[in-house]
Amino acid sequence: MNLGVNPGPLNEDVLFLPDTHRARALFTNTIPDNVQLNVRRGDQKFWEYIRDHHVPEPVMTYIRLAGFGGIIDCGYRTVDHALITALVERWRPETHTFHLPFGEVTVTLQDVQVLWGLSVNGQVVSGIDYVCPIEQNVAKCAELNLCKGTSYLAKEISGPMFLLQMWAWERITCMSPILYFDFDSTKPYGARWRSNLSYSQTIAHVVKGFRSQLTELHESMFKWTPYDHVLSLLPPICTSDANCWRCETYIIYWEIVEYHAPSRVTRQFNILQKIPNALPIDKAEHKRLHALTRQGKANKDWRREHHHYMQAWDGRFFNVVNGEFNNVAGVSIDYMQWFWERTVLYITNPGHHEANPHGYQNHGGRFQVMVDGVTQMYQMTGNLIGTYPENAQQLEPLRDMAIDFMGIVNQRSRLNYSTTHLTRNNVEFGDDIVPQRARRRTRTRARRQGDERGMEQNFHQEFYTPFDSQIPSVSQDFTQENYFAPNQEDSNMPNFEAGSPIPFNLNNRPSRDARRPPCGT
């Protein structure tokens, strides 16, 4: 049988939603590899007005007092839809982190405050929903957030994607344009990207190019602490909440609850990365939280709904990530072995070939296959030398050649890990992804007949109360057998339909007649 690749994860105790993720659809060629998400923005009119009308200083004073002066300083810039799409393909809604070949990374509270000057401390933004006609119209045009954008059904994404773009430019310099001017120490660090940029040495607007670069990215190509040299020079709005940056807690905004886990990305704080803590919520609760929506929830008290999670936020300073600080971002000996078994390494199939292809190709995926293959040859040679020491003289040159080759491509550390995504077995995925035309027919039939079962499910979710769970200590040891929190009692379990593995509410998409913003905004 021919050799093939398993995209991952090889162990699904962390990434338990692989079959609904757009990365799986790309690997199986269910959706074309050049398709990119449309980034929806509703701030064009605002920035046009700011550009044409000078904001009086008294008004700016009140804007800065409200905490939004940094947003004005950073200004407006078009978002590269291809870059955002490539990042979304690496985003995992199970952990709220990006999975890159060398580990997990994410947008931390430090990134938000340093780049935009927004406060990351204070009270939770939540309360009781009061419905009005304007809110009803907004609900009809509900936009997809970053987690929902990972669904293979998603066509659009919204939210602060400019912040995500700045984060990528700061940390992955091989993908960022060239800046002509240094930053202004009186403004947030992200304001420097408002100046003129040059793309003469980087790609732009090509999703296959960004995807390939992310697939072959090495840890030395990621800036783990890009702000250390400027923190002392930045204005107070960028550093005043530094005591919150490493808090392990829940971030809450109305119906949205996301677990913020700096312990999964400790290298971004110059702390040795170890196998991260178990997730403090079980899979069923994770799916329930991602399915929540404000639509049709008039007079809903979200503070009461998320009472337990708000308690965790109030006690955030009692759960700050600490560890072994060092000048070089490193990992523990067992981390990479653990990570490679639980990550999605390949977004598209590196074994897919076509005659006379157009545009950028999947060189990143093929590079990973070659590195993986040389690693396996190195380890097989070592095993043969141990088993047949009389043949060591003939086998050692092959092993040395593998070491030299991996040194040339800066991947020598890979030789120490036995995990491989290469396989001679057929890779079996979950349920086949239904073609779009069939999905449309199914939705139409469901609307005509009425989905009473779904209404009953929503009823149970409406009155479900999160179980009393405390965030585990950041020193908690990882146990493979119980990576998620213990299951809840059956009486407290939310009623999820077993035949629907997609946790996201995808029925709140804009209508087909909704007008989209211009491409490139």
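The values are calculated or read from the model by the stated rules, or taken from the named source; none is laboratory data. Just so you know, these numbers come straight off a predicted model, no measurement behind them. Cβ placement follows ideal geometry from the backbone for every residue including glycine, while neighbour counts extend to all protein chains displayed. Keep in mind that these areas ignore ligands, DNA and RNA; they rest on the heavy atoms of the full protein, side chains included. Shrake-Rupley method; radii C 1.70, N 1.55, O 1.52, S 1.80 Å.
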Check your understanding: What do you reckon, is K287 of a type outside the set (V, I, T), assigned by the TED database to the domain that holds Y253 and touching an Asp or Glu at 6+ places or on another chain (Cβ under 6 Å)?
Key -> no
Review point. Would region 350-358 turn up any residue that is in a loop (DSSP other than H, G, I, E, B) and of a type in the set (D, E, K, R)?
Key: yes
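Residues are listed down the side, and each one gets a yes or a no for (1) without any contact (Cβ under 8 Å) to a residue 60 or more places away in the chain; (2) closer than 30 Å to N6 by Cβ:
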| position | (1), (2) |
| --- | --- |
| I252 | no, no |
| S263 | no, yes |
| I281 | no, yes |
| K297 | no, no |
| H308 | no, no |
| A312 | no, no |
| E324 | yes, no |
| W338 | no, yes |
Check your understanding: When the residues of region 1-55 are filtered to those that are assigned to a loop (DSSP other than H, G, I, E, B) and among the β-branched types (V, I, T), which remaining residue is least open to solvent (accessible area, probe 1.4 Å)?
Key -> V14
Review point. Taking into account only those residues within region 202-214 that are open to solvent by less than 40 Å² (accessible area, probe 1.4 Å) and among the hydrophobic types (A, V, I, L, M, F, W, C), which is nearest to the chain's Cα centre (by Cα)?
Key: L214
**Study point:** Residues located in region 220-239, provided they are open to solvent by 20 Å² or more (accessible area, probe 1.4 Å) and touching a helix residue (DSSP H, G or I) at 6+ places or on another chain (Cβ under 8 Å)
**Key:** M221, K223, W224, T225, L231, I237, T239
Exercise for review: Return only the number of the condition from (1) touching a Lys or Arg at 6+ places or on another chain (Cβ under 7 Å); (2) part of a helix (DSSP H, G or I); (3) farther than 30 Å from Y152 by Cβ that A329 does not satisfy.
Suggested key: (2)
Practice item. Residue by residue through region 155-201, note down the ones that are under 22 Å from the mean Cα position of the chain (by Cα) and at pLDDT below 90. Key: S158, G159, P160
Revision key, fill the gap. Residue hits (region 246-259; closer than 25 Å to F339 by Cβ and open to solvent by less than 20 Å² (accessible area, probe 1.4 Å)) are C247, E248, T249, Y250
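Let's see how each residue does on (1) assigned to a helix (DSSP H, G or I); (2) out of contact with any strand residue (DSSP E or B) (no Cβ under 9 Å at 6 or more places or on another chain):
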residue	(1), (2)
R192	yes, no
A204	no, yes
Q213	yes, yes
S220	yes, yes
K223	no, yes
Y227	no, yes
P276	no, no
K287	yes, yes
Study note, to complete from the structure: Taking first residues from region 348-365 that are more than 20 Å from F210 (Cβ to Cβ) and second residues anywhere that are at pLDDT 85 or above and open to solvent by less than 100 Å² (accessible area, probe 1.4 Å), the pairs with Cβ under 7 Å that are 6 or more apart or on different chains are G351/G4; G351/V5
Exercise for review: Among the numbered conditions (1) open to solvent by 20 Å² or more (accessible area, probe 1.4 Å); (2) in contact (Cβ under 8 Å) with a residue 40 or more places away in the chain, tell me where R399 comes up short.
Suggested key: (2)
Check your understanding: Quick check: is even one residue across region 63-74 open to solvent by less than 20 Å² (accessible area, probe 1.4 Å) and either at pLDDT below 90 or of a type in the set (A, V, I, L, M, F, W, C) (or both)?
Key -> yes
Point to revise | Test for T108: is it in contact (Cβ under 8 Å) with a residue 24 or more places away in the chain, assigned by the TED database to the domain that holds S176, in contact with a strand residue (DSSP E or B) (Cβ under 9 Å, 6 or more places away or on another chain) and closer than 30 Å to S332 by Cα | key: yes
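Every residue, every condition in (1) more than 30 Å from N349 (Cα to Cα); (2) outside the structural domain of P235 (by the TED database); (3) in contact with a Ser or Thr (Cβ under 7 Å, 6 or more places away or on another chain); (4) modelled with pLDDT under 95, yes or no:
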{"residue": "E48", "(1), (2), (3), (4)": "yes, no, no, yes"}
{"residue": "Y76", "(1), (2), (3), (4)": "yes, no, no, yes"}
{"residue": "L83", "(1), (2), (3), (4)": "no, no, no, no"}
{"residue": "A86", "(1), (2), (3), (4)": "no, no, no, no"}
{"residue": "E89", "(1), (2), (3), (4)": "no, no, no, no"}
{"residue": "E104", "(1), (2), (3), (4)": "no, no, yes, no"}
{"residue": "V120", "(1), (2), (3), (4)": "yes, no, no, yes"}
Practice item. Please specify each residue of region 249-269 satisfying the condition of being in a loop (DSSP other than H, G, I, E, B) and modelled with pLDDT of 95 or more. Key: V265
